[in-house]
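Working notes, beginning with the structure itself.
The values are calculated or read from the model by the stated rules, or taken from the named source; none is laboratory data. Everything numeric here is computed off the predicted structure, so don't read it as measured data. Every residue, glycine as well, gets a Cβ built from its backbone with ideal geometry; the counts of neighbours run over all protein chains shown. Note: areas computed on protein heavy atoms with side chains; ligands, DNA, RNA excluded. Shrake-Rupley method; radii C 1.70, N 1.55, O 1.52, S 1.80 Å.
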Amino acid sequence: MFDETIRNMLIDGTWATLYMTLVSSLFGYVVGLPLGIILAITDKEGIKPNAVIYKILDFVVNLTRSIPFLILLIMVMPLTKAIVGQSYGSTATIVPLTIAAAPFIGRMVESSLKEVDKGVIEAAQSMGAGTFTIIYKVLLGEARTSLLVGVTIAVGTILGYSAMSGVVGGGGLGDIAVRYGYYRYETDIMFVTIIILVVLVQILQGIGMMLSKKLDRRRA
Amino acid sequence: MEPIIRVENISKTFQANNGQVEAVKNISFSIEKGDIFGIIGLSGAGKSTLVRCLNLLEKQSEGNIYIDGKNLMKLSSKELRKQRQDIGMIFQHFNLLMQRNVVDNICFPLEIAGVGRKQAKKRALELLETVGLTEKARAYPAQLSGGQKQRVAIARVLANNPKILLCDEATSALDPQTTKSILNLLKEINQKYGITIVVITHEMAVVREICSKVAVLDHGRLVEEGTVEALFGAPKTEEAKQLILNTYA
Ligand SMILES: Nc1ncnc2c1ncn2[C@@H]1O[C@H](COP(=O)(O)OP(=O)(O)O)[C@@H](O)[C@H]1O
Ligand SMILES: [Mg+2]
């Protein structure tokens with residue numbers, strides 16, 4: 001259907017998209033998981049209530065989440081340049097993607113952990129479990145399927161964001177779609193990138209949902 | 001002899017949205033080692049609050065609690081965690097880890113106590129035999145009946161050889177038949193291991209079935225205390241009379 005160069009470009013674009021998405025998701029969780037844990041335990045109903053810490057983090061998360069991704073992308077360009085050395089291309093896009101993903105991941109982790117039955121936490125406390133044990137063995141252990149669903153949603157969302165970064169030369173499939181579909185009116189190429197994006201999201205969702213189902217023991 | 005549990009003038013006030021709730025009002029009593037002690041009262045009387053103070057899941061607003069002569073308020077948080085391993089607790093809704101199978105649920109308190117994996121597993125299997133659930137070792141809580149879940153919870157609570165067992169409405173979610181079998185198991189545990197048991201319930205029948213002594217709670221106050229025969233035979237206070245009458249009416 002397309003010539004060799006275009007095909008190679010699409011394949012490279014797919015890899016670039018996957019690279020940005022997965023690395024940003026990973027960094028997003030490196031920041032977002034602890035963030036979500038702290039939000040969950042410092043909440044009024046949490047195991048270590050701390051109104052000051054909760055309110056500060058809550059505010060920062062809300063603030064970051066209310067900035068549209070495209071604007072955030074442009075806003076953090078100086079930072080991106082300082083870290084990566086350039087502000088375009090897939091590696092550079094990891095910086096704004098991580099910044100956008102972390103608070104949103106933190107929120108999802110928080111809500112997953114808050115679903116854990118208070119009674120089970122109390123049982124652990126009555127056995128003499130300390131805060132760290134409760135976080136690790138009760139909160140994360142009991143919420144694992146919900147956390148995995150969260151990972152699936154996070155990766156899907158970050159993939160979408162990564163495509164959006166194509167508008168400012170972010171690399172990957174989004175970049176191709178913008179360059180060919182928008183600037184050159186080669187809509188067939190744009191159409192193929194969309195199909196690849198849809199397929200990627202479906203595959204990632206499929207894997208995530210399957211894993212979380214497989215790991216769930218709450219049903220008989 | 002020093003009683004195993006001594007409660008001295010404890011009160012607990014909650015700050016609720018619509019003002020303060022005095023859940024427990026200036027309560028004192030003692031429980032002797034090896035007793036099965038009942039605390040009865042209507043829903044909202046303050047039973048759960050009182051029993052949660054006994055392992056400091058709830059911190060009383062006033063008063064002192066002594067376990068084996070040790071003042072709970074004087075313990076550091078590390079000492080408190082250690083102390084809690086001597087005070088087991090079982091609950092109305094069992095509170096098992098839903099993502100762990102039966103054996104791993106029983107291993108949980110042993111993990112907290114720092115027991116090695118292999119030894120913990122061995123102990124868990126022994127305990128499963130004690131509660132008569134050996135064949136369910138690999139099952140998950142979702143696959144068990146209420147009575148079986150409570151048996152797992154009892155095995156779990158016995159893992160660290162507690163001196164005291166607190167039961168908060170432990171049979172209230174079970175049918176009468178299952179209730180009976182769980183109560184028998186508790187009696188057995190009390191006799192075999194000499195564990196002091198505190199039974200919180202709103203069901204008079206439970207108290208009659210297994211308790212030797214009983215305290216009646218009403219609106220946060222301890223209104224009457226004595227042997228089960230004395231209380232059911234000749235209740236002294238109006239509240240106790242009402243409670244007994246209402247449940248049998
Ligand atoms: N965490 C809490 N915050 C505010 N009020 C509470 C809290 N826990 C219990 N209470 C109140 O304290 C009273 C006693 O409750 P509880 O000890 O659970 O009674 P029981 O176990 O006898 O049913 C009730 O009025 C209840 O609403
Ligand atoms: Mg209660």
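List of remarks:
- Options A:139, A:173; residue that is buried (at least 24 other Cβ atoms within 10 Å of the Cβ), within 14 Å of chain B (Cβ to nearest Cβ) and in contact with a helix residue (DSSP H, G or I) (Cβ under 8 Å, 6 or more places away or on another chain): A:139
- Residues of segment A:93-148 classified as of a type in the set (Lys, Arg) and over 17 Å from the mean Cα position of the chain (by Cα), total: 3
- Test: residue A:5 is assigned to a helix (DSSP H, G or I) and either among the aliphatic types (A, V, I, L, M) or in contact (Cβ under 8 Å) with a residue 24 or more places away in the chain (or both): no
- From the list B:82, B:122, the lone residue that is within 10 Å of chain A (Cβ to nearest Cβ), in a helix (DSSP H, G or I) and farther than 22 Å from residue B:199 by Cα is B:82.
- Residue list for segment B:50-71, filter: away from chain A (no Cβ under 13 Å) and within 8 Å of ligand 1 (Cβ to nearest atom): B:50
- Within segment B:42-58, tally of residues that are farther than 18 Å from residue B:196 by Cα and more than 9 Å from ligand 2 (Cβ to nearest atom): 3
- Checking each residue in segment B:151-174 for being within 16 Å of ligand 2 (Cβ to nearest atom), on the phi < 0 side of the Ramachandran plot and either assigned to a helix (DSSP H, G or I) or open to solvent by 10 Å² or more (accessible area, probe 1.4 Å) (or both) picks out B:168, B:172, B:173, B:174.
- Taking segment A:43-118 and the helices (runs of 4 or more DSSP H) fully enclosed by it, the elements with 2 or more residues that are within 14 Å of chain B (Cβ to nearest Cβ) are at A:90-114.
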